[in-house]
Number of protein chains: 2
Amino acid sequence: MHSSTPIYIALLGLGHVGQGVLRILQDRFEPLSERMGRPVILRYVLVRDLSKYAKIHFNDATLVSDFSIILHDPDISIVVELIGGEFPAYDYITTSLMNKKHVITANKEVMAKHQSEFFSLAKTHKVDICFEAAVAGGIPIIRALKVGFAANKINSLHGILNGTTNYILSKIQADQLPFSEVLKEAQRLGLAEADPSMDVSGLDAAYKLVLLAGVAFKRLISLEDVYYEGIEDISLEDIRFAQELGYDIKLLAIGKHFEDKGYSFKVHPTLIPHSHSLCGIKDESNAVFVYGDAVGESLLAGKGAGGAPTASAVVSDLIDLIFEIDQPRSLRNLDTELIPCECLAMDQSFSQFYLRLLVKDEAGSLESVSRALRDSNLSISSVLQKEASDTTASLIIVTHTCFESEFNTAKAAIEGLDCVLNLASVIRVRLDEDD
Amino acid sequence: MHSSTPIYIALLGLGHVGQGVLRILQDRFEPLSERMGRPVILRYVLVRDLSKYAKIHFNDATLVSDFSIILHDPDISIVVELIGGEFPAYDYITTSLMNKKHVITANKEVMAKHQSEFFSLAKTHKVDICFEAAVAGGIPIIRALKVGFAANKINSLHGILNGTTNYILSKIQADQLPFSEVLKEAQRLGLAEADPSMDVSGLDAAYKLVLLAGVAFKRLISLEDVYYEGIEDISLEDIRFAQELGYDIKLLAIGKHFEDKGYSFKVHPTLIPHSHSLCGIKDESNAVFVYGDAVGESLLAGKGAGGAPTASAVVSDLIDLIFEIDQPRSLRNLDTELIPCECLAMDQSFSQFYLRLLVKDEAGSLESVSRALRDSNLSISSVLQKEASDTTASLIIVTHTCFESEFNTAKAAIEGLDCVLNLASVIRVRLDEDD
C-alpha cells in the first residue's frame, strides 16, 4: 500500500504532549500513513534522562539524550519540538532549520520571541516551521487564519487563549470559592503549574497573541507591544457583583486593527455580558472570535490545553507538512515576512470600566463619587451599592466608554475623595464596538 | 515579485457567490498572489446570458457562454463551479477533471450525489476537487476535518447546517410570529428562495451531512441513508412551550458512530436545552460541534450562507490547492476512497421526545395519557398543561430516552385514547448521550 518513501521524524521531549503524539502515531499508524500517502516513522525520541522512560514502548524508535544524533541523521526530515521554554528549544529549532529539517513546535514562548528569525531561516533553507499546537491546543486556529480565512482582511480577534485562567475564573464563579483555593485545586488536577505565574499573569496569553498578530494581521510584534494584565486580583466579590450586573469575568486577549491608527494588542480580565457566546466557554476551554471582511464573525472553540488535544494539533501539522513536502518550493510559510507595526499606546485605548469602591456608608458618598466622575467627563452606565459593614459600603460602578487616559484622571480624583476608603478593583468591560 | 508562472482559472456562474469571488480576486489580487507565491489570473467567466453582465468590470477576464472554450484552453488549471444544481454542473465538473483541471465547487447537491465518481476521476487524472464552500459557508469545517482533526477518530458531529431554517426558527421565537409570516420576511430579505422547499424540508442540510459523513467518518453514504425532516410543521406554540420548558428549537444535523452498530445520520428539528452553546447560534449562522477522540469537543461557528462568506471559502480552497499544485502527486484528496457503510434504521435510533397533545379539558385526561405511555414502557421527564379553550387543554410532555420503535407504539396508543383530540406535534429532544 505504501510504496512511497517513508518520512522519518524525531520527537524532542516526552511530557504530556510528547506522550500524546507518541500514542497517536502508534495507535493510528495505518490510517495516518494512508492519509499522508506514505508511512511516517518515528526514529528518535530525545529526553534528558534516558533511564526515566525505560518502561515506555517506542516500537522502533531510539531514545537518545544527545540532540546531535538527530541533527546529523540525514534521513530525519521533520523535527517535532515539544520541550517548551526558550532554551535549548531555540538552538534545536535553529539548527534543525539550518540542516533543512522541517520543524513542528508547540512552544509559544520560543516562537513569540524568535518567530521572525525562524521564518527567515526556514525560507532560506526551503523548509517550514509549523506551530498550530502553540496557540489554543486543539483549536485549528492557525490553519483557519492561514488558509480558511486567507481571503479576508481580518479586522479584529478576541480570544480566551489560556485554559488555566479560564478554569480558575469558571470555578470561582461555579463553586463560590476564592482565587487561592481554586488555584490549589487546579494545581492538584494538573490544570495549573506548580509555579502558575506564566498563566495567571496573562503572559502565556500574551505570547499567543504575538503569534496570532503574525498569522491574522501579518504584523511582527513583540511581547513589549502587548499590554497584559493577569487574574491574580480578581476576587470572588468581583465575580459575584459582575454576575449581578449581568456579566461573567474572562481573561480576554484582543487584537484589533484601527484604520489609520494602527494596531492594538491587549490581554486583560474583562467583563463579558451574559448574552455573549464567550460566556459559554467554560473551564479549560479556549475560544477565538475572528472578524473578517468577507466571512463576518466566526468562532472556533475547543480544548485549549492538555496532552491529547495539543498532540492532535501537532499531528495535524505533520499531515499538512507532508502534503507538500515534495513541492519544489515551501509555500505554506511564504506569508511569514511579517511587517513591523505601530501599536496604539494603552492610554489611547478605550473601554468601559467596572470599579469596585469601598466607601463610607453615609449619605453623600455616591454623590461625591458621581460628581468626581462627571467632573472628569465620565458617565455612569450602572451602579450597585451594597452594605459591606456597619460603617462601610461597596459601591460598584460601570462607566460608559472612555479612553484609558480619561479613566486614569477620573480614578485619581476618586481615590482622593474623603468618602472613598479603597478603590478595590478596576476591570475593563467588553465593548460591542470591539466587533 | 511574482517570478513564478501565473495560475489561470475560470469561474462558472456569476450569482452572489460568483460575484463575491470576483470581488475578492480583484480587491485582494496583490496579497493573494503574494500568499500563493504566484499571480492568479481569472481568464474566463461562464454565464448563460452574456448581455446581462455588460456592466460588470472583469479586468482581463472574458465573459463566455460556451463551456468548451474553457475546457479546451490548456492554460486553465482550475475551474471554479458556482452554478449550483445537478446539471449541467455534473458535466462541467466531470469533463474538467478528465481534462486534468482541478475543480473547486460550492455545490452541495452535485457533490452529495456524485462525490464518489468525482474523487475517483480526480485521482485518476491526478487533480483535486475541493468543496469547502459546499458546507456551512464561511466555516472552515471541511479543512478542519481533513487536516486539523485528522489525528482523531471522530465519534460524532452535530451541526446547524442550514442558515435559512435557523433564521426562520430564530425569528419565530424572537418576534413571536408564525412560520408563514417569517418565511415571507426571509424571502423578502433574500434569506430564503422563492421556492424554499430545499431548505425548509431539511434536504439542504441532508446533502451537507452526506458530505460531512465522507470527510469526518470516511464513509460513503447517499441521501437515502439520511433520515431528514423539515421545519414546516414547527408552530409558534411549540416554540413557546419549548421555551417554557427550557429549550430552543433548532434544525439539527447529527452524524454519529456507534461502536459495533454502525453509523447514524439524521436531520430533524430538535429541542436544545438553553444551557447548550447551540442556542447561541442565531439567525442565519451555522455551527458544527465535532467530538474527536484526541481533541475532545470542538465548535466551529460562523456565517453559513451569503455571497461573501461562501466566496471566502472558495478562495481558501484556491489557496490550498495552489499550495500543492506543483506536488508530483495529488495528496490532499488521497483520503477520498470512502467506505460504504451500514446505517442504523431510524427505528433503532433513540431520543427523548416532546409531544404536544390537544386533550379534553377534563379530570383524567393526563392520567389516561400517562397510563398509555407507561403501558408502552415510556417514562415522562416533564409535563406542562395549559388551557387551550373552554373544553380543551394543551398537554405538553417530554419523555425520557427511548427507541423510535418504542415511541411509535406509544404514539399509536395515545392517538387511540378518547380524551386525545389531536396529537399536534412530535419533536425530538437533544440527548446528552449524543456527546
GNM on chain B, Cα springs under 10 Å; top mean-square fluctuation among B:THR310, B:THR409, B:THR164 goes to B:THR409
Principal axes first, then extents: for the Cα atoms of the stretch B:187-255, list largest minus smallest coordinate on each axis, whole Å, largest first.
-> 40, 32, 19
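Which values, in whole Å and largest first, are the semi-axes of the equivalent ellipsoid of the stretch B:1-81 obtained as the square root of 5 times each eigenvalue of the Cα gyration tensor?
22, 15, 9
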Starting from 0 in steps of 10 Å, tell me what percent of the Cα-Cα pairs of the stretch B:256-351 lands in each bin.
-> 10, 26, 36, 23, 4, 0
Taking the convex hull of the alpha-carbon atoms of the stretch B:144-287 and averaging its shadow over every direction gives an area in square nanometres of 9.3 nm²
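Could you sort out which of B:LYS153/B:LYS208; B:LYS146/B:LYS303; A:LYS250/B:LYS171; A:LYS101/A:LYS208 sit more than 27 Å apart by Cα distance in this structure? Each step should come with its number before you reach the end.
Working: B:LYS153/B:LYS208 20 Å; B:LYS146/B:LYS303 20 Å; A:LYS250/B:LYS171 30 Å; A:LYS101/A:LYS208 24 Å.
Over 27 Å apart, Cα to Cα: A:LYS250/B:LYS171.
Solvent-accessible area per residue for the stretch A:251-314 at a 1.4 Å probe radius, Å²? Before the final figure, lay out each step's value.
On the way: 1730 Å² over 64 residues.
Value for the stretch A:251-314: 27 Å² per residue.
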Estimate the FRET efficiency between A:ARG374 and A:CYS341 by the formula 1/(1 + (r/R0)^6), using the beta-carbon distance for r and 35 Å for R0, to the nearest 0.05.
-> 0.40
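Based on DSSP H runs of at least 4 residues, each adding -39500 (n - 2.57), what is the mean residue ellipticity at 222 nm of chain A after dividing by all its residues, to the nearest 500 deg cm²/dmol?
Helix contribution divided over all residues of chain A: -10000 deg cm²/dmol.
In Å, the Kirkwood hydrodynamic radius of the stretch B:1-156 over pairs of distinct alpha carbons? Write out the running numbers ahead of the final one.
Numbers: mean 1/r = 0.0607 Å⁻¹.
Result for the stretch B:1-156, one decimal place: 16.5 Å.
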Once you average over the residues of B:14-25, how many Cβ atoms of partner chains fall within 10 Å of each Cβ?
-> 1
Identify all aspartates and glutamates with a Cα-Cα distance to B:LYS123 below 15 Å; exclude those on the same chain that are fewer than 8 residues away in sequence.
-> A:GLU34, B:GLU324, B:ASP335, B:GLU337
Losing no less than 30 Å² of accessible area (probe 1.4 Å) relative to the isolated chain, the residues of the stretch A:151-173 are A:ALA151
Run through the other copies and list how far each one's label point is from that of A:GLU244, in nm with one decimal, shortest first; the point sits 7 Å from Cα along Cα-Cβ.
-> 3.3
When the distances between all Cα atoms of the stretch A:299-435 are binned every 5 Å from zero, what whole-number percent does each bin get?
-> 2, 8, 14, 14, 10, 8, 8, 7, 7, 7, 6, 5, 3, 2, 1, 0
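Kindly give Rg over Rh for chain B, based on alpha-carbon atoms, with the Kirkwood expression for the hydrodynamic radius.
Values: Rg = 24.3 Å, Rh = 23.4 Å.
Value, to two decimals: 1.04.
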Cα extents of the stretch B:53-126 per principal axis, largest first, Å, are 39, 26, 16
Inter-site label distance for B:ASP175 and B:SER222 at 7 Å from Cα along Cβ, in nm | 4.0 nm
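Find the relative contact order for the stretch A:23-131 and round it to a whole percent, using C-alpha pairs within less than 8 Å whose residues are 6+ positions apart. Write out the running numbers ahead of the final one.
Details: 126 pairs, mean separation 20.2, N = 109.
The value is 19 percent.
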Please give the peptides B:33-42, A:377-386 ranked by average Cβ packing (other Cβ atoms within 10 Å per residue), highest first, as a rough proxy for protection.
-> B:33-42, A:377-386
What part of the accessible area of the stretch A:1-55, given as a whole %, is carbon or sulfur when the probe is 1.4 angstrom?
-> 52 percent
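Expressed as a rounded percentage, what relative contact order does chain B have, with Cα pairs under 8 Å and six or more residues apart? Mind showing how you got there, number by number?
Details: 884 pairs, mean separation 69.4, N = 435.
Once divided by the residue count of chain B, the mean separation gives 16 percent.
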Return the average number of partner chain Cβ atoms within 10 angstrom of each residue Cβ along peptide A:286-295.
-> 5
Separation of the stretch B:39-63 and the stretch A:134-157 by C-alpha centroid, Å?
-> 31 Å
At a Cα cut-off below 12 Å, give the aspartates and glutamates reachable from A:LYS360, other chains included and same-chain residues fewer than 8 away excluded.
-> A:GLU387, A:ASP390, A:ASP418
One would report the Cα pair-distance distribution of the protein assembly as shown, bin width 20 Å, in %, as 14, 43, 34, 9, 0
Can you give the Rg to Rh ratio of the stretch A:99-206, both from alpha-carbon atoms, with Rh computed by the Kirkwood formula?
-> 1.07
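Which percent of the accessible area of the stretch B:90-242 is formed by carbon and sulfur heavy atoms (probe 1.4 angstrom)?
Working: 2500 of 4900 Å².
Within the stretch B:90-242, the accessible surface is 51 percent carbon and sulfur.
Scanning chain B for helices, which whole DSSP H stretches are 18 Å or more long along the axis (Cα) and average 0.0 or more by Kyte-Doolittle?
On the way: long enough: B:108-124 (23 Å, -0.51); B:203-217 (20 Å, 1.63); B:307-323 (24 Å, 1.29).
Membrane-span-like by this criterion, though nothing is claimed about a membrane: B:203-217, B:307-323.
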Residue mean of other protein chain beta carbons inside 10 Å, B:297-309 | 6
Anyone know which of B:TYR53, B:TYR92, B:TYR228 comes out most mobile in the 10 Å Cα GNM of chain B?
-> B:TYR53
According to the square roots a ≥ b ≥ c of the eigenvalues of the Cα gyration tensor, what is the shape class of the stretch A:128-174, taking rounded for a/c under 1.5, prolate for a/b larger than b/c otherwise, and oblate for the remainder?
-> oblate
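The values are calculated or read from the model by the stated rules, or taken from the named source; none is laboratory data. No experiment lies behind these values; they were computed from the predicted model shown. Cβ: placed from backbone, ideal geometry, glycine included. Neighbour counts: every protein chain shown. Protein only, heavy atoms only, side chains kept; ligands, DNA and RNA dropped before computing areas. Shrake-Rupley method; radii C 1.70, N 1.55, O 1.52, S 1.80 Å.
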